[in-house]
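Take a look at the structure set out below.
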Amino acid sequence: MASIRRELVGLIERGAIPRDQVPRAVALSGLHPSGQAWAVFLDRLLLWLGTLALTCGLLFLIAYNWTEMGRWLRFGLVQAALLAAIGVYWWAEGRGGAGGGIKAAMVARAALMAASLLLGALLALFGQVYQTGADPWQLFFFWAVLMLPWTLVARFDALWVLWLGLLNLALALYFRTWGGAFDLFFDSDTAALWGLFALNTAALALWELGARRWRWLAAGWATRLLALGSGIPLTLLVIILIFDERADVSPAILAYPLWLAALYAVYRHWRPDLFMLAGGCLSVIAVVTLFLARHLLWQAEAGGFLLLAVVVLALGAAAAVWLKRLHVEMSS
């Protein structure tokens, strides 16, 4: 759809389509959704909302009636719902394989997503009932480990994003608790940011390479989430370096420009993506602004605030002009 829109805009800007024929060209291109497209959208929306409502409703039922329910009833409800979700997936997957179509495949994915969420609820229930004393990071780690076979079988991008989100939570909680292998060099918060940056950067690189082979990985929203998970921790590490008076040298000094260069090379030339480049521009603006604020506002003078405002406006305008030029190039 995005490529069709870019091609149509390019034809209109070059004058290949007369102005009076633009509405007809837009109608023929299929950019505006038809009634059938709206019906499909609402059908899928209600399917996913219903799945999430049933899953969350079961959890709220157990939580609200915790004192009235025995442990066997709590486990029985969650396990019965988990088996029901797996059964629906098995049934829908069989219908899809027999020519049941896209709707059966979507039902199978929704059922497997519900089963994955109920698996986490079962682990949390086990820890709460028996008071295992495990650290919080272990819940999310073993949740991710146990649902890994389902993510491999399903080939569903949203399930992979959920799995990576669990790993992110487990890693962040682990480093905040123990510091891990980086404990000798960084404090717990800094170690957690380095761990998140390493995990999400590796996941982004593998996702982009895998998308060239497997079409179901080609969803742009997933790679953008991973890019945010890679860029935000690194940007925060640079900001910490700027404001930490005790830190003179940090690996972020080398990692940040290399990350920006890789971002530009990949999403400017290899796989053009305006969102990724805009995220890089925002990161640079934030780092430069805070660096200047650190050195200009230490005496709280009015001239420093004025200069900082001018710099922010100039950087924002330069980024907007550059991104607009790139948009025109990508649309042509």
Practice problem: Only residues that are open to solvent by 40 Å² or more (accessible area, probe 1.4 Å) and charged (D, E, K, R): list them for the stretch 130-182, please. | Solution: Asp135, Arg155, Arg176
Quiz item: In the list Arg44, Arg95, which residue meets the criterion of being at negative phi, modelled with pLDDT of 85 or more, out of contact with any Cys (no Cβ under 6 Å at 6 or more places or on another chain) and open to solvent by 60 Å² or more (accessible area, probe 1.4 Å)?
Solution: Arg44
Exercise. Out of the residues in the stretch 289-299 that are open to solvent by less than 50 Å² (accessible area, probe 1.4 Å) and in a helix (DSSP H, G or I), state the one that is nearest to Val312 (Cα to Cα).
Key: Thr289
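Residues in the stretch 243-276 that are over 17 Å from Ala198 (Cα atoms) and either open to solvent by 30 Å² or more (accessible area, probe 1.4 Å) or modelled with pLDDT of 95 or more (or both): how many?
Qualifying residue count, the stretch 243-276: 17.
Residues checked against (1) assigned to a helix (DSSP H, G or I); (2) of a type outside the set (Phe, Trp, Tyr); (3) in contact with a His (Cβ under 8 Å, 6 or more places away or on another chain); (4) open to solvent by less than 40 Å² (accessible area, probe 1.4 Å):
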position	(1), (2), (3), (4)
Thr51	yes, yes, no, yes
Leu54	yes, yes, no, no
Ile62	yes, yes, no, yes
Trp66	no, no, no, no
Ala80	yes, yes, no, no
Leu83	yes, yes, no, no
Val88	yes, yes, no, no
Quiz item: Going through the stretch 141-157 one residue at a time, which ones are at pLDDT below 90 and among the small types (Gly, Ala, Ser)?
Solution: Ala154
Quiz item: Of the residues that make up the stretch 5-27, is at least one β-branched (Val, Ile, Thr) and either outside any helix (DSSP H, G or I) or modelled with pLDDT of 90 or more (or both)?
Solution: yes
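The values are calculated or read from the model by the stated rules, or taken from the named source; none is laboratory data. All values reported here derive from a predicted model rather than from experimental measurement. When we count neighbours, we look across all protein chains shown, and the Cβ atoms used for this are built from the backbone with ideal geometry, even at glycine. Ligands, DNA and RNA are excluded from the accessible area calculation, which covers all protein heavy atoms including side chains. Shrake-Rupley method; radii C 1.70, N 1.55, O 1.52, S 1.80 Å.
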